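Below is one structure; the comments refer to it alone.
A short reminder: the numbers here are calculations on the coordinates, not readings from a lab. Model, not experiment: these values are computed from the prediction. Here the Cβ positions follow ideal geometry from the backbone for every residue, glycine too, while neighbour counts run over all protein chains shown.
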Amino acid sequence: MSGNNLPQKILWFTWKDLTHPLSGGAEVVNEEIARRLVNSGKKVTFVVGGYKNCKKEKIINGYKVIRLGNRYTLYLHALFYYLKYLKGWPDLVIDEVNTAPFLCKFYVRENNILFFHQLCRGIWFYQFPFPLNLVGYLMEPIYLWLLRDRKVITISESTKRDLMRFGLRDKKISIIPVGIELEPVSDLNKIKKYSDFTVLSLGAIREMKRPDHQIKAFEIAKKEIPELKLKIAGSGSGKYYEKVMKLIENNPYKRDIEYLGRVTKEKKTELMQKSHLILVTSIKEGWGLIVTEANSQGTIAAVYDADGLRDSTKDKFSGLITSKNTPEELAEAILKVYKNPVNYEKMRVAAWVWSKEITFDNCYRKFQEIINEK
């Protein structure tokens, strides 16, 4: 079908938008899809959670964002707001499951579909306090069973397999390719790496990202690579953030660790280009956008064997996947890259070439095909 057959008005429930302080790769994907929908003449409205000093309503790149409640109260607010103001308006409703579903199936009368970037499962115990983490963990299989008849969009084979484990049907799950914001560099030979071998930790300082593992891996590898440097970029708060700051401060090699805090897009790109290797150790990802972004800038990744990361990294071809998810194995990956410059260059080229295929235009085209299907 052509783009003209797309639903004209799309209501999208998700817990945060791209302006939220905790936004990440999922919100980038949503923004890119929504912007293209609007550019094709459609109307898109997001219902999301609020945050401190946010505007309750805002137009961003042509789509509307309505912010209600907070992280925890949003779901109830969304139900009542829909019933009072939005019922009958959309042609399609997207129930994005980021930690928890909005359960649109039970109150939305319009056509509605599910959008999963990833399942939470183990993440509950890293991101939420007891007993909320236990409740969430036990509830996830229940709501997945209740939603098993829904049409689903997701972004990786890993997440699709995860969904099928809990009863969602193979034929109802469609995968869209993700895209990246960054334009791949035009020529790898123009990229100048740091003079000392440098590994990069990039992303929010959150427990489920496990930057503490990266610091420990650096410390282990440093014993065999005296010149090794570690750059850490990302903001954080709370007890885990304080723990990571103490790991840096008390590290025997702290002079070779640079903590940059939250960085601009320009600095992020510079770090990706100049570093030799990016370390990604998340418990779980939908895809692992940071891996593909780094690849596009001429840097390969050493990642843990986790959902999303095993999708965005082709082991020994575009990067390295550890055999065990431990700092020791991650340190071993760092050493393999350092000690084999010829193979390193081959992986850099392969990763860079692959990144050129991962575009938001392809992501949008597939998304369009799926929501057009009867």
**OP:** Tell me the trypsin sites (Lys or Arg not before Pro) within the stretch 204-313 that lie in a loop according to DSSP and have at most 13 other beta-carbon atoms within 10 Å.
**Re:** 223, 262
Original post:
Using a simple spin-label model with points 7 Å from Cα along the Cα→Cβ vector, what separation in nm is obtained for residue 187 and residue 253?
Top reply: 3.4 nm
Subject >> Percent RCO, i.e. relative contact order, over the stretch 188-355, from Cα pairs under 8 Å lying at least 6 residues apart >> reply: 24 percent
Original post:
For residue 109 and residue 72 in one chain, what is 0.36 nm times their gap in residues minus the Cα-Cα distance, to one decimal in nm?
Top reply: 10.9 nm
**OP:** Choose one answer from 93, 353, 291: the residue with the largest mean-square fluctuation in a GNM of the chain with alpha-carbon springs under 10 Å.
**Re:** 353
Subject >> Distance between the stretch 229-276 and the stretch 98-122 - C-alpha centres, whole angstrom >> reply: 35 Å
**OP:** Positive end of the charge dipole of the stretch 188-355 (Lys, Arg +1 and Asp, Glu -1 on Cβ, about the Cα centre): tell me which of 306, 352, 252 has its Cα farthest that way.
**Re:** 352
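What FRET efficiency would be calculated for the residue pair residue 369, residue 57, taking the C-beta separation as r and a Förster radius of 22 Å, to the nearest 0.05?
Values: r = 31 Å, r/R0 = 1.41.
In this case the efficiency is close to 0.10.
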Original post:
Picking from 288, 179, 238, which is most flexible by a Gaussian network model of the chain using Cα springs under 10 Å?
Top reply: 238
Original post:
Dipole magnitude of the chain about its Cα centre, charges +1 at Lys/Arg Cβ and -1 at Asp/Glu Cβ only, in debye to the nearest 20?
Top reply: 780 debye
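So which chymotrypsin sites (Phe, Trp or Tyr not before Pro) in the stretch 48-107 end up in coil per DSSP with only 15 or fewer other C-beta atoms within 10 Å? Don't skip to the end; give the middle numbers.
Working: sites: 51, 63, 72, 75, 80, 81, 82, 85, 102, 106, 107; in loops: 51, 72, 102, 107.
Here the chymotrypsin sites (Phe, Trp or Tyr not before Pro) that fit, given the DSSP loop and packing criteria, are 72, 107.
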Subject >> Set of aspartates and glutamates with alpha-carbon distance to residue 105 below 20 Å, sequence-local pairs under 8 removed >> reply: 91, 95, 96, 140, 149, 170, 373
Subject >> Euclidean distance between Cα centres, the stretch 154-196 to the stretch 20-39, Å >> reply: 15 Å
Original post:
Which of 333, 279, 164 sits closest to the plus end of the dipole of the chain, meaning its Cα is farthest towards the positive end, when Lys and Arg get +1 and Asp and Glu get -1 on the C-beta?
Top reply: 164
Subject >> Relative contact order (percent, whole number), the chain, Cα cutoff 8 Å, 6+ residue spacing >> reply: 15 percent
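What FRET efficiency do you get for residue 100 and residue 235 if R0 is 25 Å and r is their Cβ-Cβ distance, rounded to the nearest 0.05?
Values: r = 24 Å, r/R0 = 0.97.
E(calc), rounded to 0.05, equals 0.55.
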